[in-house]
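Single-structure report; data block below.
Just so you know, all these numbers are worked out from the coordinates, no wet-lab data involved. Everything numeric here is computed off the predicted structure, so don't read it as measured data. Here Cβ is always computed from backbone atoms with ideal geometry, including for glycine, and neighbour counts include all displayed protein chains.
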Amino acid sequence: MRLALAFCCALVAAPAAAQDNTQTLADIRQELSILYVEIQRLRGELNTTGGATGSGGGATTLDRVNAIEAEVTRLTALTERLQLDVDSVVRDGTNRIGDLEFRLCELEPDCDISSLGETPSLGGVTAETAGASAPSVQATPLPATPQPSGLAVAEQGDFDRANAAFENGDFADAVTAFQTFVDTYPGSPLSADAHYLRGEAEANLDRWNPAARAFLASFSAAPDGPRAPTALTSLGVALAQIGQPEEACLTLAEVSVRYPGSPSVAEAQAEMGRLGCQ
């Protein structure tokens, strides 16, 4: 009876874990390892008692345990392949963004390459978070009442003032204000918008090198955000303006690949036609 109860508990635990979509690959692999150990323990008990009963029931149960073990092995291999695929995508995307940042810095006279630092991993995945589950973190309340959107007290006001300068055509002031904003509020939910509008302001001033860097920063800040397709398209346009047609074509081609349903696809394809991209 104890054996049957333990076996049922092990079977119930597996689908329950699979239904938790918030788990990381590392969590799944850990639970599979635990389940595998439990199956080995159950198999040992079955082998010990099978000879004493002399019935065929033990063999049938053992076959079922073997089948479960085979499925666990298959899922473990699949999890490992998925983790390798995710790591490969993150590594490739991060390297490409870092390469673009380096090239843009080389083209900008006032840019110090040594100040670039290490490119943040695409999607926020780091070596520490890739192999372990990220804990649930709750923000510490500010002394003052936070805005409904979760912004800092003065954050929305600073962004609105920078945006007002942009809309009024004061592009030089807008560039300064948006740069101050991203420096003051790193990681803000408005960072992608601030970088993008700074890039538009730089483009209106015909300063395409810093514009390209701003568009790249906007895309890197939120590659899955609503501003990302437009930022990637604008980056392609800016790369063409600074004499990098090959990189421009590759960047513009990524728009339809990453965001097939976005209105920016038509704009990117039109720009590719103008550049004569193959």
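Overall shape of the range 155-203 was characterised from the C-alpha gyration tensor. The equivalent ellipsoid obtained from it has semi-axes of 16, 11, 8 Å, in decreasing order.
Okay, which of the range 205-229 sit inside 20 Å, backbone N to the point 7 Å along the Cα-Cβ direction of THR184? The answer is 218, whose backbone nitrogens lie closer than 20 Å to the label point. Entry note: the range 163-278 has Rg to Rh equal to 0.98, where both radii use alpha-carbon atoms and Rh is the Kirkwood radius. Note on THR230, THR180: ascending count of other Cβ atoms within 10 Å places them as THR180, THR230, the fewest first. Placing +1 on each Lys and Arg Cβ and -1 on each Asp and Glu Cβ, with no other charges, gives the range 150-275 a dipole about its Cα centre of roughly 220 debye.
Placing R0 at 30 angstrom, the Cβ-Cβ distance between VAL257 and ASN66 gives a FRET efficiency of 0.10 after rounding to 0.05.
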